[in-house]
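**Student:** Below you will find the structure I want to go over with you.
The values are calculated or read from the model by the stated rules, or taken from the named source; none is laboratory data. On a predicted model such as this, the values are computed, not experimentally measured, just so you know. As a convention, Cβ positions derive from the backbone with ideal geometry for all residues, glycine included, and neighbour counts pool all protein chains shown.
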Amino acid sequence: METLTVNATTGAAADAAGGTGISNGTTKSGININKVIKVVKEYISYPVAIALFIIIAVINPMFASANNLSNILSDMSALLLLSIGVTFVLLIGSIDLSIGAMSSCACVIFAMTIPNMGWMGLILALLFGTAAGLVSGVIYVKTKIPSFITTFGTMSVWQSLALIISKGAPQQISGHYREYVIWFRDKIGIIPVPFIIAAVVFIIFLVIEKKTKFGRTLYAIGGNESTARTVGMNIDATKIAVFGLMGLLSALAGIFFACNMRSGIPTVGEPFTLSAIAAVALGGTSLSGGKGGLLRSFAGVLLVILIQNGMNVIGVGVFWQKITFGAIILIAIFVTTDRKQRDLVVK
């Protein structure tokens, strides 16, 4: 009798589910509701960015003008490059505090070598960034010093080096060498050339993340390093390579800074360290590693730039902008972060 009751109840439940067109989380049209909800949660930064754009545009319609949209894309360029590298670093459960210092150094090197070396100055700046990143990676991997401490130390070294070689003063790029920096102001329609370059770099690294063994290793290290090592993955080489790529991208961002300001400023990259980390965290990449990715980071970068640009457009006072920016970042990260994970210690 009990069996009959249970079956009847089950049948009624099934009929109810069928009546609503949903069975095991799937509608009659074949849409998996649970999967849709999961995707929305993972990429919630995108609808948040769209909502923020609409709100600011309503407050001041000039925000949505073609000229300001071009400015937004231009402002995104350097931060996007830095955030690509930060994403890879965070995916392996590490952190790099030296990215701003490496950018500053590369900015100065590029500006100072153009007169004598021309385009080779660009190559030299990129080589410096790569080498600087590799130095941090080797120290971190071989000495087992936590990445936070390692890159805090190398940050001081690169900051000092930028000040020493520039003698603590901005190094102007003379008008005689205009050809080396003028491309930064070029546009295709309303899309700035720097953003196009950053977007191409983003796509290349997205393919690396999604389609290569190297990309899969990043997630494996961040998810469970011991298991990744047990199955034969080359953990140390991957970590060193990640920091090398971070240095390369930092140097490219530094070249963008030099071209934008037509000057090599030895402190230009310092504010971008925390902005890049905040953008990646805001997009939903876990600080503990193994979760997230570049598509999320792109949304985080977009949010950061929209917040900063929007505050300028609607007239938020300079002294209040940092307070407002910090508060919005905290709220946004609260909304986008999975707080079920408590292991937020970087390695």
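**Student:** Identify, please: which residue in the stretch 262-279 is in contact with a Phe, Trp or Tyr (Cβ under 8 Å, 6 or more places away or on another chain) and either free of Cβ contacts under 8 Å to residues at least 12 places away in the same chain or buried (at least 23 other Cβ atoms within 10 Å of the Cβ) (or both) and is, among those, nearest to S45 (Cα to Cα)? Please lay out each step first, then the result.
**Tutor:** Step one: filter the stretch 262-279 for residues in contact with a Phe, Trp or Tyr (Cβ under 8 Å, 6 or more places away or on another chain), giving 264-265, 268-269.
From what is left, the residues that are either free of Cβ contacts under 8 Å to residues at least 12 places away in the same chain or buried (at least 23 other Cβ atoms within 10 Å of the Cβ) (or both) are 264, 268-269.
Working: G264: 34, V268: 28, G269: 25 Å.
The qualifying residue nearest to S45 (Cα to Cα) is G269.
**Student:** Looking at R185, R229, R216, R178, which one is assigned by TED's automatic domain parsing to the domain that holds A66, without any contact (Cβ under 8 Å) to a residue 12 or more places away in the chain and in contact with a Cys (Cβ under 9 Å, 6 or more places away or on another chain)?
**Tutor:** Testing whether each residue is assigned by TED's automatic domain parsing to the domain that holds A66, without any contact (Cβ under 8 Å) to a residue 12 or more places away in the chain and in contact with a Cys (Cβ under 9 Å, 6 or more places away or on another chain) leaves just R185.
**Student:** May I ask you to list pairs of residues, at least six apart or on different chains, whose Cβ atoms are under 6 Å apart, with the first in the stretch 92-114 being farther than 10 Å from G254 by Cβ and of a type outside the set (A, V, I, L, M, F, W, C) and the second being in a loop (DSSP other than H, G, I, E, B) and modelled with pLDDT of 95 or more?
**Tutor:** Nothing qualifies.
**Student:** Hey, another quick one. For the stretch 115-126, name all the residues that are assigned to a helix (DSSP H, G or I), in contact (Cβ under 8 Å) with a residue 60 or more places away in the chain and surrounded by fewer than 23 Cβ atoms within 10 Å (Cβ to Cβ).
**Tutor:** We begin by selecting, within the stretch 115-126, every residue assigned to a helix (DSSP H, G or I); these are 115-117, 120-126.
Filter once more, keeping what is in contact (Cβ under 8 Å) with a residue 60 or more places away in the chain: 115, 122, 125-126.
Residues satisfying the conditions are P115, L122, L126.
**Student:** From (1) out of contact with any Asp or Glu (no Cβ under 7 Å at 6 or more places or on another chain); (2) more than 27 Å from I329 (Cα to Cα); (3) without any contact (Cβ under 8 Å) to a residue 12 or more places away in the chain, pick out the condition that doesn't hold for I203.
**Tutor:** (2)
**Student:** Here is a further query. Within the group S94, S77, S104, which residue is of a type in the set (S, T, Y) and either part of a loop (DSSP other than H, G, I, E, B) or closer than 12 Å to M246 by Cα (or both)?
**Tutor:** Values: S77 fails: either part of a loop (DSSP other than H, G, I, E, B) or closer than 12 Å to M246 by Cα (or both); S104 fails: either part of a loop (DSSP other than H, G, I, E, B) or closer than 12 Å to M246 by Cα (or both).
So the residue among S94, S77, S104 that is of a type in the set (S, T, Y) and either part of a loop (DSSP other than H, G, I, E, B) or closer than 12 Å to M246 by Cα (or both) is S94.
**Student:** Restricting attention to the stretch 280-291, does a residue exist that is more than 29 Å from S226 (Cβ to Cβ) and crowded, with 22+ Cβ neighbours inside 10 Å? Outline the logic, then answer.
**Tutor:** Quick first cut of the stretch 280-291, residues more than 29 Å from S226 (Cβ to Cβ) only: 282.
Restricting the remaining residues to those that are crowded, with 22+ Cβ neighbours inside 10 Å gives 282.
Within the stretch 280-291, one or more residues are more than 29 Å from S226 (Cβ to Cβ) and crowded, with 22+ Cβ neighbours inside 10 Å.
**Student:** Something else: For the structure I just gave you, tell me whether G284 is modelled with pLDDT under 90 and over 14 Å from the mean Cα position of the chain (by Cα).
**Tutor:** Numbers: modelled with pLDDT under 90: yes; over 14 Å from the mean Cα position of the chain (by Cα): no.
So G284 fails the test.
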